[in-house]
1. Considering only the stretch A:234-305, give the helices (runs of 4 or more DSSP H) lying wholly within it that have at least 3 residues that are more than 17 Å from residue A:90 (Cβ to Cβ) and modelled with pLDDT of 90 or more.
2. For the stretch B:122-139, what are the residues that are facing another protein chain (nearest Cβ under 7 Å) and in a helix (DSSP H, G or I)?
3. Inside the stretch A:122-165, can you point out the residues that are more than 7 Å from chain B (Cβ to nearest Cβ), under 18 Å from residue A:197 (Cβ atoms) and not in a helix (DSSP H, G or I)?
4. For residue B:61, only one of the following conditions fails: (1) out of contact with any strand residue (DSSP E or B) (no Cβ under 7 Å at 6 or more places or on another chain); (2) at pLDDT below 90; (3) in a helix (DSSP H, G or I). What is its number?
5. Residues to consider are A:222, A:251; find the one that is farther than 28 Å from residue A:101 by Cα, in contact with a helix residue (DSSP H, G or I) (Cβ under 7 Å, 6 or more places away or on another chain) and more than 13 Å from every other protein chain (Cβ to nearest Cβ).
6. Go over the candidates A:292, A:286 one by one and state the one that is more than 8 Å from chain B (Cβ to nearest Cβ) and under 17 Å from the mean Cα position of the chain (by Cα).
């Protein structure tokens, strides 16, 4: 019913709207727009397609160029469609340009950071939501305060710390500084506050310890926020640039983001390989976007609160 | 001990002292991992950065650094180099944030129609959320290459000096790349906000004879304003932290024309080993971002109260 009404509603063109706004016009009188609607709809599609071309063109041309032989990329007028796609550039990018290793490294680092942030944030969030202990308020504010400290303000001493620990150019250097998340603690605390206290009392009577209650009851009730924060943390960790640039040196630990830059400088005579490598580097997140669209949106909107 | 427990047993439920103590121990164990990480990698280095700003870096590596107190802060923050990089950063923010938000709203409105196949367009518009700064920059770095770049060819710059090598066009070019890379995120944020605009309100405005532009301006935009504000602050903060695109596209060049504050910190700290100078810049950046975050928190709090 509602959908029907919306279907007839004119959306573009002031004149049609004003006419429609006159009360005597019956809502379901489809005929009254019979002439205007196809034209308006076409215009809307033209606009939609034009914007889609603008937004998607860089990605499209990246795919096309990855499939063209190197020599043809420089040809003018440019080839905008690969008639004889060549997939070899992907293999070269994966093996010889080390994208395979970079992807492995990024996966190790990102999964570790995400898992660690989930664990530390869930535990702390639980404590702040369910348990009473001295300094609870102060410590929560301390956690929130970390949201205001950007990586850039701490990078110099952190670099020295990493050197002191002997972690330069190792995975711990990329992972350990990010095992805590103020945003995660905040989000989980807020979510856990919504869990009925009766559940806690009942679980305690059943002899559940805190950890068991957390894992068996609280977490299953809070899957959406867990997924949203997990995706957000994953995306953030995957996209890190400055810190990995500073603390890594060799291919064996270099992440995709830094590796892509390496690729763009070193393989410049093989431009199809650069494009293929870029696709390989972006692919995991594209897949993630399609599989976890809903959680991603929620994670990003939650992340927007952080900045 | 058994006697003590038995003696207390009757009151155990009203005075669960041992349970309370166990709870406190559990609580501290639960918050400890995060707090240790914050202590070592957030708070200690933050203080240390400010402290490093009190020392000038010696001209040769093995000489002792000199304590100069606040004078280094004064000299760096009043230098024209700092003012220039700050101004360029502000320019970069002005180029990227308003344009990005207007585009994001436009796309969100466009994709909020009930048309066949609209989901395809939504997916395309949000697709650049999957491209990191590095991915976007490598794509455009290659497309803008003066010899083989397609965009250079279309811009009529084949062979000659590239856009990224031009002192007047480099910063705008970096801005365009940044806008493109952020479009997906802005679109997703604006779409989420747009979908929460109640249909009844738009319907009421329509019945009152408001044109579609008028409905957009007087109903939709005010209801979007919380998200617009968010996206603005997040965009400004992101602008001050934009590093990857500079590092890949221009390295701060040509002639420092894209040398943003954050890139200057990186150069001073890790290319010139000018630790004291970089520390002062870091503190300045922190202060700016802190101010912006406070504005955001203040607003967030207000919004939470509105929602209740």
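1. Numbers: elements: A:242-247, A:256-266, A:271-291, A:293-304.
Ranges flagged: A:242-247, A:256-266.
2. Applying the first criterion (facing another protein chain (nearest Cβ under 7 Å)) to the stretch B:122-139 yields B:124-125, B:127-135, B:138-139.
Of everything in the stretch B:122-139, those that are facing another protein chain (nearest Cβ under 7 Å) and in a helix (DSSP H, G or I) turn out to be B:124, B:125, B:127, B:128, B:129, B:130, B:133, B:134, B:135, B:138, B:139.
3. none
4. Status for residue B:61: all satisfied but (3).
5. None of the others qualify; the one that does is A:222.
6. A:292
Matching residues to (1) part of a helix (DSSP H, G or I); (2) touching a residue at least 40 places away in the same chain (Cβ under 8 Å); (3) touching a helix residue (DSSP H, G or I) at 6+ places or on another chain (Cβ under 7 Å):
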site	(1), (2), (3)
A:60	yes, no, no
A:71	yes, no, no
A:77	no, no, no
A:82	no, no, yes
A:85	no, no, yes
A:101	yes, yes, no
A:105	yes, yes, no
A:109	yes, yes, yes
A:114	yes, yes, yes
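To keep it simple, each residue is scored yes or no on (1) surrounded by fewer than 23 Cβ atoms within 10 Å (Cβ to Cβ); (2) more than 10 Å from chain A (Cβ to nearest Cβ); (3) in contact (Cβ under 8 Å) with a residue 24 or more places away in the chain; (4) not in a loop (DSSP other than H, G, I, E, B).
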position: B:197; (1), (2), (3), (4): yes, yes, yes, no
position: B:225; (1), (2), (3), (4): yes, yes, no, yes
position: B:236; (1), (2), (3), (4): yes, no, yes, yes
position: B:242; (1), (2), (3), (4): no, no, yes, no
position: B:245; (1), (2), (3), (4): no, no, yes, yes
position: B:277; (1), (2), (3), (4): no, yes, yes, yes
position: B:282; (1), (2), (3), (4): no, no, yes, yes
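The values are calculated or read from the model by the stated rules, or taken from the named source; none is laboratory data. It should be emphasised that the depicted structure is a prediction, and the values quoted were computed from it without experimental measurement. Neighbour counts are summed over all protein chains in view; Cβ atoms, including those assigned to glycine, are modelled from backbone coordinates with ideal geometry.
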